[in-house]
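What follows is one structure encoded as structure tokens, with my remarks underneath.
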Amino acid sequence: MGTDLRVGKLSLPGLKIGPESAMPPLRCTLSKNIRTDLSEDDGLFIGYGLELTALPHRMLDDFDGPSTELQFDCVTLENDFLKAVFLPQVGGRLWSLYDKIAGRNLVHANPVFKPGNLAICCAWPAGGVEWNIGSRGHDAYTCRSLFTARTQDEDGTPVLRFYEFCRKRAVYYQMDFFLPAQSQFLYARMRLYNPNDRVEPMYWWSNIAVEQEKGMRVVVPATNTFSNTYISELQHSLRKLPLPLTSGEFDCTYPENYPTAKDQFFNIAAGERKFEAALYAEGYGLVHTSTDRLQGRKLFVWGHGPGGERWQRFLTSPEGADYLEIQAGLAKTQMECLPMPPKTAWEWLEAYGALQVPPEQLHGQWPDAVSAVASALEQKLPRQNLDATLQRTRTDIALKKGTMLFPGSGWGALDLSLRNSNPVPHLDFGSTGEQQEPWLQLQQTGRFPTLDAGAVPHSYLVQEEWFELLQKAVKGAEAGNWYAVFQLGLNYFSRQDFERAEQCFAASLRLQHNPWCLYALGNVRRCLGDLPGATACLEQALRLRPGDSSLAKETLKTFKENNDCLGLERCYALLPPSLHRVPMLQFLHAYALANLGSLAEAERILLQDGGLQIPDLREGECSLSELYVYIQCEKARRADRILDPAAVPVPPVLDFRMNQRRSQ
């Protein structure tokens, strides 16, 4: 057969993601404390471009309903060797890549769609290959639709295109996938374009989930690694160590050896070919390679600790396969962005395919294993062919117009309305919609339409150009518009200018009492360390919107941080019965009960129905196990016994501790 591109449907059991949160995301959910042990010659941009919130996006944190059968649009590319299935509504994710010759999937095709709280905007499903742009973390569009189009190469080979406007960096990006008729590799041609007059911190990582098996080895042409340890939810530690025996503990190129969750950022030398292979014991598996722009390579494993194994089952299915991830990025690590010059395009080509090497070479000494994989890859896909294909397809594919299959968001169309010329004429961004309407009016008239205090804000924007337009409007015609002043405050908040943000939110409240500014003001005070002031504002906001699940979670979490369990219970009592069934809110209620002395009731909540399942528990968070341990220690204290917290066995269903080794 030639190459076929077809549109269809994919059914998966799983959790449906509900509407976006109404509230702006003002809580830091990404690591902000990164300890490093590096040399002055490593030249990493650690900390550069890291963002503390998901702004301007809204959170996708509503997926705690019952499991149901879900249907997704899918686009399939297929030839005689490979079958690739993509999901436009899931950030263009490559859900499966089936090797028709070997009769097995090269990537982990998750049999369920079970989002967890791992992404910038919360919801994130495991499996397949995802694409992350702009700022550190699983992308804001990982559970959102991308523009989807088809075009073709000069020889008629069909090309599948995904594209969008990155709101965090105000850049355009596109991904062109093609599978020539006789190719044993799926190609992914990536293009980022910075149309701005300023340098933008830029981030990209392609994350590839692969089924993990005993005897598997990950091979990459490097002699050392930047090894990352998960210390806590918001703390990481990065050290440069030799390969393959990091710290002399174990061979880190065998995933089965890891006792806990771990990242390895492999340090590939500048002149070496960029590749990473995840090969099973018999020498067969997936190889990923790219042109040199994509210099970083990473291995992520959950490890064999109780928390890692719990996360595996939490994100897949009880009987599903374990997985690991090999990843490729613009920078050497994920603790940094790279400075992208103004008016610049960055392009690279990735290739995904099967590779076979003799098992005795794969499991030999590290240099021999690297040499064997490099030789097999070069024979199957010469490095110079990849470079030549990248150059040829710039005009033959990348700059060609396509035919739209599925629409994306209206943010690209809005951005184009700001510019004097269209920097991406080959990409059709359609038209603006309801979310963009007030911003379009601001751009065209200098006026920002006001909003009823009880209505949900249309959207949020913190891009530099909109910040300047808001400042000008609020100094002039919109000085008395509470909604415009509130939006200006969010722009100051996103720049960590908390003093001006607080002034804006307070001014907006004087103009119109509303839950949005109370919520925002509470977050300013939380960031400034004034937790009593934060809880006071958030409680007022909750009294105005008691049925808002996102607001309830943020309010109760802040009361927990302030160790004000009486206040937490007071706010829990404000919620309608439907929210009392939300798992995260049940947990926060249990926390308050335990700390107020009602140990039995708190323990009952944790253990009911086989154990409390919290779909939106944040990656790295250990609050469930900590609460369980606290309850057991307090019960022992009441019985005049002393329990060592470290010795308390935690039920597996409650144990998400990523840095906890399994007891021998």
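A few remarks follow.
- Residue that is nearest to the chain's Cα centre (by Cα) [pool: residues in the range 98-109 that are touching a residue at least 60 places away in the same chain (Cβ under 8 Å) and surrounded by fewer than 24 Cβ atoms within 10 Å (Cβ to Cβ)]: Asn105
- Elements of type helices (runs of 4 or more DSSP H) contained in the range 564-664, each with 2 or more residues being among the β-branched types (Val, Ile, Thr) and more than 26 Å from the chain's Cα centre (by Cα): 623-638
- The condition of being of a type outside the set (Gly, Ala, Ser), touching a residue at least 24 places away in the same chain (Cβ under 8 Å) and under 30 Å from Leu451 (Cβ atoms) holds for only one of Pro576, Pro615, Pro583, that being Pro576.
- Scanning the range 399-419 for residues that are more than 19 Å from Tyr173 (Cβ to Cβ) and surrounded by 17 or more Cβ atoms within 10 Å (Cβ to Cβ) turns up nothing.
- Taking the conditions (1) in contact with a His (Cβ under 8 Å, 6 or more places away or on another chain); (2) closer than 16 Å to Met658 by Cα in turn, Ala277 satisfies each one other than (2).
- Index of the failed condition, Gln441 passing every other in (1) under 30 Å from Glu20 (Cα atoms); (2) touching a residue at least 12 places away in the same chain (Cβ under 8 Å); (3) not basic (Lys, Arg): (2)
- Of the residues Glu601, Glu569, the single one that is farther than 30 Å from Asn514 by Cβ and either surrounded by fewer than 21 Cβ atoms within 10 Å (Cβ to Cβ) or of a type in the set (D, E, K, R) (or both) is Glu601.
- Positions within the range 360-408 being out of contact with any helix residue (DSSP H, G or I) (no Cβ under 8 Å at 6 or more places or on another chain), of a type in the set (Val, Ile, Thr) and assigned to a helix (DSSP H, G or I), in sequence order: Val370, Thr389, Thr393, Thr395, Ile397
- Just one of the listed residues (Val424, Val462, Val456) is assigned to a loop (DSSP other than H, G, I, E, B), of a type in the set (Val, Ile, Thr) and either more than 28 Å from the chain's Cα centre (by Cα) or over 30 Å from Phe72 (Cα atoms) (or both), namely Val462.
- The numbered conditions (1) touching a Pro at 6+ places or on another chain (Cβ under 7 Å); (2) hydrophobic (A, V, I, L, M, F, W, C); (3) within 25 Å of Thr333 (Cα to Cα); (4) surrounded by fewer than 22 Cβ atoms within 10 Å (Cβ to Cβ) are all true for Val112 except (3).
- Subset of the range 511-563 that is among the aliphatic types (A, V, I, L, M) and either farther than 28 Å from Asp452 by Cα or surrounded by fewer than 21 Cβ atoms within 10 Å (Cβ to Cβ) (or both) - its residue that is farthest from the chain's Cα centre (by Cα): Leu511
- Yes/no for Gly137 being surrounded by 22 or more Cβ atoms within 10 Å (Cβ to Cβ), over 19 Å from Phe178 (Cα atoms) and at pLDDT below 95: yes
- Yes/no for Thr253 being hydroxyl-bearing (Ser, Thr, Tyr), modelled with pLDDT of 95 or more and over 27 Å from the mean Cα position of the chain (by Cα): no
- Considered as a group, the residues in the range 77-93 that are touching a residue at least 60 places away in the same chain (Cβ under 8 Å) and part of a strand (DSSP E or B) include one that is surrounded by the fewest Cβ atoms within 10 Å (Cβ to Cβ), and that residue is Glu78.
- Hits in the range 2-59 (condition: among the polar types (S, T, N, Q) and at pLDDT below 95): Thr29, Ser31, Asn33, Thr36, Ser39, Thr53
- Index of the failed condition, Gly65 passing every other in (1) small (Gly, Ala, Ser); (2) within 23 Å of the chain's Cα centre (by Cα); (3) under 21 Å from Phe177 (Cβ atoms); (4) surrounded by fewer than 19 Cβ atoms within 10 Å (Cβ to Cβ): (3)
- Flag set for Ser625, criterion: among the polar types (S, T, N, Q) and surrounded by 18 or more Cβ atoms within 10 Å (Cβ to Cβ).
- Which listed residue is on the phi > 0 side of the Ramachandran plot, touching a residue at least 12 places away in the same chain (Cβ under 8 Å) and either among the basic types (Lys, Arg) or crowded, with 20+ Cβ neighbours inside 10 Å (or both), from Gly303, Gly329, Gly307, Gly296: Gly303
- Scanning the range 496-548 for residues that are without any contact (Cβ under 8 Å) to a residue 12 or more places away in the chain and over 30 Å from Gly49 (Cβ atoms) gives Arg510, Gly533.
- Of the residues examined, Thr229 is not one that is crowded, with 18+ Cβ neighbours inside 10 Å, of a type in the set (Val, Ile, Thr) and within 22 Å of the chain's Cα centre (by Cα).
- When the range 514-555 is filtered for residues that are within 18 Å of Cys28 (Cα to Cα), in a loop (DSSP other than H, G, I, E, B) and of a type in the set (Lys, Arg), nothing remains.
- Condition met for Leu324 (in contact with a Phe, Trp or Tyr (Cβ under 8 Å, 6 or more places away or on another chain) and hydrophobic (A, V, I, L, M, F, W, C)): yes
- Flag for Val650 being surrounded by 13 or more Cβ atoms within 10 Å (Cβ to Cβ), in the same structural domain as Met584 (by TED's automatic domain parsing) and either closer than 22 Å to Lys262 by Cβ or at pLDDT below 95 (or both): yes
- Test: residue in the range 447-456 that is within 26 Å of Glu200 (Cα to Cα), of a type outside the set (S, T, N, Q) and not assigned by TED's automatic domain parsing to the domain that holds Glu200: no
- Condition broken by Leu70, with the remaining ones in (1) more than 28 Å from Met404 (Cβ to Cβ); (2) without any contact (Cβ under 8 Å) to a residue 60 or more places away in the chain; (3) within 22 Å of the chain's Cα centre (by Cα) satisfied: (1)
Residues are listed down the side, and each one gets a yes or a no for (1) in contact (Cβ under 8 Å) with a residue 12 or more places away in the chain; (2) buried (at least 23 other Cβ atoms within 10 Å of the Cβ); (3) under 30 Å from Ile101 (Cα atoms):
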site	(1), (2), (3)
Pro195	yes, no, no
Thr225	yes, yes, no
Lys240	yes, no, no
Leu245	no, no, no
Ile268	yes, no, no
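- Arg35 of a type in the set (Lys, Arg) and either crowded, with 18+ Cβ neighbours inside 10 Å or assigned to a loop (DSSP other than H, G, I, E, B) (or both): no
The values are calculated or read from the model by the stated rules, or taken from the named source; none is laboratory data. The structure presented is a predicted model; accordingly, all values stated were derived computationally and were not measured. No Cβ is skipped: glycine too gets one built from the backbone with ideal geometry, and neighbour counts run over all protein chains shown.
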